[in-house]
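No lab work stands behind these numbers, since they all come straight from the coordinates. Predicted model only: the values in this text are computed from it and were never measured. Virtual Cβ from ideal backbone geometry, glycine too; neighbours counted across all protein chains shown.
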Amino acid sequence: MIFEIIINHIPYLLGGLWVAIQLLACVLVIGFVFGLLLALAEVYGHWSLRWSGIAFERVFRGIPELVLILMCFYGVGNWFPIDPFPAAVLALGLRSTAYQSQIFRGVIQAVPTGQVAAARAIGMSGVQAVCHVVLPQALRQVPGPWSNEFSSELKATSLAYVIGVVELTRQGKYIISSTQGNILIVFAVVALLYFVVNWLGNRVIYRAERALEIPGLERGEGD
Amino acid sequence: MTFRHLAIALVAGHASIGSASAQETYVAGVEASFPPWAYVEEGEFKGIAIDAMRAIAEDQNLDVEFRDMPWPSLIPALAQGRIDLLVTGLNVTPERAEVLDFSIPWWENDDEILVAADSGKNMIDVLCCGATIGAQGGATQYAWIEENLVNREGVDVTLRGYEDYVVAVEDMLTGRTDAVVTSTDTAEEFISNGRPVRIVGTIQQNQPQALAVQKGDPRELLASLNRGIVNIYESGAWEEIVHTYSPQASIRQIPTAMPDFVDSYEEPIPGYSD
């Protein structure tokens, strides 16, 4: 009987999954853009930029996601009203910015400093050296560590239900409460949906990683 | 599994009801995991409180949109004005009356003591002497057990709080608690859904339930709500709605007893006294 109910609810579970994926996409884009800016500020910026970047990153890596979500919805909402979805995007976006900045800082610093010196020696400006020499090499190293961020943010979207974002976990809870039970089977289906998205997403990222490999620095398969 | 269904699922939680016009839309907070009062089935809000609110909205020409939030978030969200009204099986209590204003009460509830169907224990065994009791955190039942059992010398019970009653009952069925105390409606809902639980006792509370708005009623909703409640009661729509979800429930006279600790029950009551 519960299987029949679950089958009837599949469109709603998929609807919830779609909300989760939208949330994930917003969060990862925010994290990518601001994380990259933050990393550049931390590596090349004036000391004041560097220190504020580090402070931002320490703060937002040090606060649990759930607390951030509640702070954004209720705390920020005190001054100007913010809907549940944008509040969740803001909270998880800040967190993702902090984490992604560390991914970008790592890959930027992995480019030998001698290359920047060499670029300057042939007449490039500092900005040119970063844009034409450092970033093209650094960004191609991102997919590996970035797959972790993708997975952890996907899972973090499930927390958004606490402020009223009706995503996959909440849709699962609807089935549980309207049937007054079946917790294990319903959440097993929910878990499977998260797993499939995670697995597919990671496959895409690994494929990108291989496509972007820097010749001569491949991850050496089978040797 | 059509695209239309998917579209409905996407907007669940933002479904708008009432007359379609340029007038202001009020956001009604619900906790959609509380059958028979409010829940979601196949993407649609259902339940006594939901259908009654739809009937009131139609009667009073209000635009109301439901927003689902977990129970612990609802009262803070209303107190902060993030939602305009609260539509669920909400008990009228002195603590809540401090932070929100209640409509005239439309229901009265008692609390039931649930045990696992195969439990040999009686109501004394499960409310005393080393027993562990489950209840929803922040619910009136939780407060009652705390005040009358936990804080009382010599009773010796442990109280566990849960996010909702489904998990509280689930935990009891795995044997981690001896009993769950919940409202009559919820208890009957578990039994009619075939959960292996039984009622071993009733705590007579005559607990009134009502809708709620922000303290001081800044959106001036109370008068419409009260008028709407009386109208749907008198037209018979209320009885029909209640019996759709709880066929055996006996209809109380509206308004039920109005506790004098509630400011919004002081004469003149907006929309009711006039």
Problem set entry | Relative contact order of region A:2-212, pairs being alpha-carbon contacts under 8 Å that are 6 or more residues apart, as % | 30
Exercise. Once you charge only the Cβ atoms, +1 for Lys and Arg and -1 for Asp and Glu, what is the size of the charge dipole of chain A about its Cα centre, to the nearest 20 debye?
Worked result: 300
Seminar exercise, completed: At q = 0.17, 0.21, 0.24, 0.29 Å⁻¹, the log10 of I(q)/I(0) for region B:104-158 from a Debye sum over equal Cα scatterers comes to -0.61, -0.85, -1.03, -1.28
Exercise. Efficiency by 1/(1 + (r/R0)^6): what FRET value for B:Glu267 and A:Leu139, r their Cβ-Cβ distance, R0 = 60 Å, to the nearest 0.05?
Worked result: 0.25
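Dipole magnitude of chain B about its Cα centre, charges +1 at Lys/Arg Cβ and -1 at Asp/Glu Cβ only, in debye to the nearest 20? Before the final figure, lay out the partial values.
Details: 16 positive and 43 negative charges, 112 e Å.
Once rounded to the nearest 20, the dipole reads 540 debye.
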Exercise. Averaged across the residues of A:168-174, what count of C-beta atoms belonging to other chains lies within 10 Å of each residue's C-beta?
Worked result: 5
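Output the direction-averaged projected area (hull surface divided by four) of the convex hull of the alpha-carbon atoms of region B:36-120, in nm².
Values: hull surface 31.9 nm².
With the hull built on Cα positions only, its mean projection is 8.0 nm².
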Exercise. Between the helical axis of A:143-156 and the dominant principal axis of chain A, each derived from Cα atoms, what acute angle in degrees is found, rounded to the nearest 10?
Worked result: 30
Exercise. In the protein assembly as shown, what cysteines have no partner Cβ closer than 4.7 Å?
Worked result: A:Cys26, A:Cys72, A:Cys131
Exercise. If you take the Cα Rg of region A:1-74 and divide it by 2.2 N^0.38 Å, with N the number of residues, what do you get?
Worked result: 1.69
For this session: Kindly rank A:174-186, A:137-149 from highest to lowest mean number of other beta carbons found within 10 Å of each residue.
Result: A:174-186, A:137-149
Seminar exercise, completed: Eigenvalues of the alpha-carbon gyration tensor of region B:191-274, times 5 and square-rooted, give semi-axes in Å, largest first, of 29, 17, 12
Seminar exercise, completed: Extension length gain for A:Ala191 and A:Ile7 (0.36 nm per residue less Cα distance), in nm, is 64.7 nm
For this session: Compute log10 of I(q)/I(0) for the protein assembly as shown with the Debye formula, placing one identical point scatterer on every Cα and leaving out solvent, at q = 0.08, 0.10, 0.12 Å⁻¹, to two decimals.
Result: -0.60, -0.85, -1.10
Exercise. Can you list the residues, at least 5 places off or on another chain, whose amide H is less than 5 Å from the amide H of B:Ala212, using H built in the peptide plane?
Worked result: B:Leu86, B:Ser103
Exercise. What's the average, rounded to a whole number, of partner chain beta-carbon atoms within 10 Å of each residue's beta-carbon in B:32-42?
Worked result: 5
Exercise. Each residue of region B:155-163 in turn: what ³J(HN,Hα) in whole Hz from Karplus with 6.51, -1.76, 1.60 and θ = phi - 60°, glycine and Pro shown as x?
Worked result: 7, 6, 10, 10, 10, 10, x, 10, 5
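Give the average, rounded to an integer, of partner chain Cβ atoms located within 10 angstrom of each Cβ in A:7-19. Could the numbers behind the result be given before it?
Numbers: counts 1, 4, 5, 4, 12, 11, 1, 5, 10, 5, 1, 3, 4.
Per residue, the number of nearby Cβ atoms from other chains is 5 on average.
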Exercise. For chain A, what is the calculated [θ] at 222 nm in deg cm²/dmol (nearest 500), taking -39500 (n - 2.57) for each run of four or more DSSP H residues and dividing by its residue count?
Worked result: -24000 deg cm²/dmol
For this session: Please list the non-local residues whose amide H lies under 5 Å from the amide H of B:Ile203, H modeled 1.01 Å from N, same-chain partners needing a gap of 5 or more.
Result: B:Asp111, B:Glu112, B:Ile113
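Just order A:37-46, A:119-128, B:105-114 by mean Cβ neighbour count inside 10 Å, highest at the front, would you? Provide the component values of the computation, followed by the final result.
Details: A:37-46: 18.5, A:119-128: 11.5, B:105-114: 22.9.
By packing density, highest mean first, the sequence is B:105-114, A:37-46, A:119-128.
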Problem set entry | Using alpha-carbon coordinates, inclination of helix A:183-212 to the longest axis of chain A, degrees | 20
Problem set entry | Ellipticity estimate at 222 nm from DSSP helix runs (n ≥ 4, -39,500 (n - 2.57)) divided over chain B, nearest 500 | -9000 deg cm²/dmol
For this session: Could you grab the relative contact order for chain B? Cα pairs under 8 Å, six or more apart, rounded to a whole percent.
Result: 25
For this session: Can you tell me the 0 to 90 degree angle between the C-alpha axis of helix A:84-109 and the longest principal axis of chain A, rounded to 10?
Result: 30
For this session: Please report the base-10 log of the normalised intensity I(q)/I(0) for region B:109-206, using a Debye sum with one equal scatterer per alpha carbon and no solvent, at each q in 0.11 (1/Å).
Result: -0.26
For this session: Using the Cα centre as the reference, give the magnitude of the dipole from point charges on the C-beta atoms of region A:116-173 (Lys, Arg: +1; Asp, Glu: -1; all else neutral), rounded to the nearest 20 debye.
Result: 20
Seminar exercise, completed: Averaged over all viewing directions, the convex hull of the alpha carbons in chain B casts a projected area in nm² of 15.5
Exercise. What list of ³J(HN,Hα) values in whole Hz, one per residue of region A:36-49 in order, does the Karplus curve 6.51 cos²θ - 1.76 cosθ + 1.60 (θ = phi - 60°) give from phi, with Gly and Pro shown as x?
Worked result: 5, 4, 5, 5, 4, 5, 5, 8, 10, x, 4, 4, 5, 4
Problem set entry | Sequence of B:Asp125, B:Asp185, B:Asp156 once ranked by neighbouring C-beta atoms within 10 Å, starting from the fewest | B:Asp156, B:Asp125, B:Asp185
Problem set entry | Set of region B:145-189 residues, backbone N closer than 12 Å to the point 7 Å along the Cα-Cβ line of A:Leu66 | B:163
Exercise. Regarding region A:20-60, what whole-number volume in Å³ per residue does the convex hull of its Cα atoms give?
Worked result: 52
Exercise. When only alpha-carbon atoms count, how far does chain A stretch along each of its three principal axes, as whole angstroms with the largest first?
Worked result: 73, 53, 22
Problem set entry | Estimated FRET transfer efficiency when R0 is 51 angstrom, pair B:Ser192-A:Gln22 (beta carbons, to 0.05) | 0.85
